[in-house]
Structure formats: C-alpha cells, structure tokens
Amino acid sequence: MILNPVIAIDGPAASGKSTVARLVAQSLQFVYVDTGAMYRSYAWLALEEKCDPSDREAVKALIARSKFETLFTDGVLELRLNGIDPTTHIRADRINAVVSQIASIPELREFLVIRQRELRNRKPLVMEGRDIGTVVFTDTPHKYFIDADPAVRDARRKNQGQNDALAQRDAQDRGRRVAPLTMAADAKLIDSTHVPADEIARTIVEELKVRGIQSRA
C-alpha cells in the first residue's frame, strides 16, 4: 500500500476552503480533490433520473446502477458518472437545495469514502470536504478546518451568483447521524472572515514545508 501525503481541509460551505485547497495543491503540485463535487454529482444524477435524493433505497439503487470513474487532469481530480462529466451542472441552485439530503445517505458516504481513500495510492492529495480529517483520513497529521462568519459566507455565495440556504445546510450537515460536519480534535482552525484565501494558502504551505512536506514540482 502506497501512503502518499494527504492535506485535509474541512469546513462549511462558502468558508473559502475550496479556494484555499486549490491554491495549496497548486503550490505543492499535489492533486486537488473536491469531495463535495462527488456528492453534488450524485445529487445531479439523482435529479436527472427522477430519483428522490432523500430516499435511501432509491439512492442505493442509483449507486448500484451507476458507473463512477475518476481521472487526473492538470493536478485536479475529475469525475465521470456513466461516462458524463457533470461539472457544469453541480453548482446550480437545485443542487444546492438537495446536496445535504443525499450526502446524509450512509451507503453513498460509505461508497465515496472508499473511493476517496483509494486516491491516496495514486497521488499526494490536498482533499477538501466536511469529513476528511474526521472520517476519510483520520491518520493524516496535516488537518485544517476553515470557517468564517455566517453573514460573510452568505455574501460570498450571493457574489458567486448562487442561492444557497447556508444556515439550513449547516444544520443538516452538523446534525446528520453519519459523518457530521465537525472539526477534528487535532485540526488547526482558521478563520477566513477577514483573511484572503491566498494569504491562508501561503501560511499553510509554509507550515507544511516546516513539517517536511515538499513540492512535487
């Protein structure tokens, strides 16, 4: 088994974790993995196939009949569901409205966590999501939790042109029975409310270099 290094970056929606994770991955020449995109992709597939994202049995059947593939393109993990790249569809308001529902389905989480862990055998990773440090890679010593004031997060979403009920999603993500959104006990908390993403990324990269993590460039 190959245990490549993993940088785990967790946090709620619109906290800035995606931008920070992408910048850290670019700096280190690691592969950037957006696990939220995986759940969003299945939310998209469920809606496309008229499957209720909150129906556990229906989602289990959806997983069983779907083909899940991953590939690395320019340092970023890309997904294919049934041969289709869903990227352009998964940030729509209709996906925002149901992604927390489908992400609470235990069988989907188990299915995707296995695939996420397998990626470590292929490349060094910067993986961001909601349960990376607490579930997916509990053994990595490189854990960060990025958060921000709810009003700032809401403004960020609106600036992105998205309608997203963040308070409701937060409650669903923190309250779900399986892999709730929470900070790992050994993670470093970073408040991005008044700090630009590039500054946070530089700080993380410098810390990682002190720990012996070097760029793969």
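Readers should treat all values here as calculations from the given coordinates under stated rules, not as data from a laboratory. Note that the structure is a prediction, hence the values are computed from the model and not measured. Cβ atoms come from the backbone with ideal geometry, glycine included; neighbour counts cover every protein chain shown.
Points worth noting:
- Using equal-weight Cα scatterers in the Debye expression, the normalised intensity of region 1-107 in log10 at q = 0.14, 0.17, 0.18, 0.19 Å⁻¹ is -0.61, -0.88, -0.96, -1.05.
- In a DSSP loop and with at most 15 other Cβ atoms within 10 Å, there are no GluC sites (Glu not before Pro) in region 54-100.
- The angle between the Cα long axis of helix 56-65 and the main principal axis of the chain comes to about 80°, on a 0 to 90 degree scale.
- Residue among 14, 97, 61 with the largest mean-square fluctuation in a Gaussian network model of the chain, springs linking Cα atoms under 10 Å: 61
- Antiparallel DSSP beta bridges within the chain, as percent of all bridges there, nearest 5: 30 percent
- Between the helical axis of 150-159 and the longest alpha-carbon principal axis of the chain there is an angle of about 70 degrees.
- For region 1-64, projected area of the alpha-carbon convex hull averaged over all directions, nm²: 6.3 nm²
- Taking 76, 126, 152 as the candidate residues, the one with maximal mean-square fluctuation in a Gaussian network model of the chain, Cα springs under 10 Å, is 152.
- Result for the chain in a Gaussian network model with C-alpha springs under 10 Å: among 88, 140, 35, the largest mean-square fluctuation is at 88.
- Placing dummy labels 7 Å off each Cα toward the beta-carbon, the span from residue 158 to residue 189 is 2.7 nm.
- Distance from the alpha carbon centroid of region 1-38 to that of region 123-151 works out to 8 angstrom.
- 3J(HN,Hα) from dihedral phi, region 160-169, Karplus parametrisation 6.51/-1.76/1.60, rounded to Hz, x for glycine, proline: 7, x, 10, 9, 8, 7, 5, 4, 5, 5
- Taking the chain as the region of interest, the number of lysine pairs whose Cα atoms are within less than 19 Å, with members eight or more places apart or on different chains, is 10.
- Here the Debye sum runs over all C-alpha atoms of region 68-165 as equal scatterers in vacuum, and log10 of I(q)/I(0) at q = 0.15 Å⁻¹ comes out as -0.82.
- Rounded to the nearest 10 degrees, the inclination of helix 106-118 to the longest alpha-carbon principal axis of the chain is 40 degrees.
- Under 5 Å between amide hydrogens, built in the peptide plane, is the criterion, and for residue 7 it picks out 125, 126, 127 among residues at least 5 positions away or on other chains.
- Length gained when the stretch residue 70-residue 118 is fully extended (0.36 nm per residue, less Cα-Cα span): 16.2 nm
- With helices as the sole contributors, the chain gives -12500 deg cm²/dmol at 222 nm; each DSSP H run of n ≥ 4 counts as -39500 (n - 2.57), and the sum is divided by every residue.
- In loop segments of region 1-102 as defined by DSSP, the trypsin sites (Lys or Arg not before Pro) with at most 12 further C-beta atoms inside 10 Å of their C-beta are 50, 67.
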